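Peer 1: Could you have a look at this structure, given as structure tokens, before my questions?
The values are calculated or read from the model by the stated rules, or taken from the named source; none is laboratory data. Here the structure is a predicted model, which means the values were calculated and not measured. Every residue, glycine as well, gets a Cβ built from its backbone with ideal geometry; the counts of neighbours run over all protein chains shown.
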Amino acid sequence: MGGRNGRSGAKGGGSAGRGPAKRAAAAKPANGAANPGAGAAPLHRMTIASDFAAGRDVQTAILDDIERAGFSEEASFAIRLTLEEALINAIKHGNKLDPAKQVHVEYRVDPRTAEITIEDEGPGFDRAAIPDPTAQENLCRLHGRGILLMESYMSQVEWSRHGRRVRMVKHNQ
């Protein structure tokens, strides 16, 4: 999950030197077509560069929709924390900041549920091989805590495609 040609922002948008406001606009969903099902929230898809600024733009777009949907303060915090962690993992650990790789994001938000899927283009990882950061021997290690936070704060977290894709669901309560 990263960008081609080193660009930040959404696929086909952004160039070096763009300011934050323009970069944020570039990260808006490329297509927000509604699912054909009656009453279904629109599915938004974005492809961004392996760039932290582009990740922040995606986070802003999703959190704006979370706010508009009326999510509770607690649920909004959980989504903000896990979304940031998942995007950083995809950009830094999955794509290793490679500008030739992209991050693919899909999300759907309605007043009851937020569903976010993030996929990188890296080699993946084995979730079961990540040591438990709460085990005594791992308390001083810096790795694995983000995954623990994601799995603790979200209602549902699923790993697929050899660890390159994470699907996170949060119910508004």
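Peer 1: Within region 84-103, is even one residue part of a helix (DSSP H, G or I), at pLDDT 80 or above and touching a Leu at 6+ places or on another chain (Cβ under 8 Å)?
Peer 2: Yes; the residues of region 84-103 include at least one that is part of a helix (DSSP H, G or I), at pLDDT 80 or above and touching a Leu at 6+ places or on another chain (Cβ under 8 Å).
Peer 1: Kindly provide the set of residues from region 119-146 that are without any contact (Cβ under 8 Å) to a residue 40 or more places away in the chain and assigned to a helix (DSSP H, G or I), ordered by number.
Peer 2: Once the filter is applied, which keeps residues that are without any contact (Cβ under 8 Å) to a residue 40 or more places away in the chain and assigned to a helix (DSSP H, G or I), region 119-146 yields Arg127, Ala128, Ala129, Gln136, Glu137, Asn138, Arg145.
Peer 1: Let me ask another. Test Arg108 against the criterion of being at pLDDT 95 or above, farther than 24 Å from Leu142 by Cβ and touching an Asp or Glu at 6+ places or on another chain (Cβ under 7 Å), and give yes or no.
Peer 2: Here the answer is yes, as Arg108 does meet what is asked.
Peer 1: Could you check region 150-173 and list, in sequence order, the residues that are in contact with a helix residue (DSSP H, G or I) (Cβ under 8 Å, 6 or more places away or on another chain) and either modelled with pLDDT under 95 or among the basic types (Lys, Arg) (or both)?
Peer 2: Within region 150-173, Arg164, Lys170, Gln173 qualify.
Peer 1: Also, I was wondering about something else. Is it fair to say Thr117 is crowded, with 16+ Cβ neighbours inside 10 Å, on the phi < 0 side of the Ramachandran plot and modelled with pLDDT of 95 or more?
Peer 2: Taking the combined requirement at face value, the residue satisfies it.
Peer 1: Kindly indicate the residue of region 49-90 that is of a type in the set (Ser, Thr, Tyr) and farther than 23 Å from Gly122 by Cβ and also surrounded by the fewest Cβ atoms within 10 Å (Cβ to Cβ) among those meeting that condition.
Peer 2: Taking the candidates together, the pick is Ser72.
Peer 1: Is there a residue in region 18-30 that is under 15 Å from the mean Cα position of the chain (by Cα) and at pLDDT 95 or above?
Peer 2: No, region 18-30 has no match at all.
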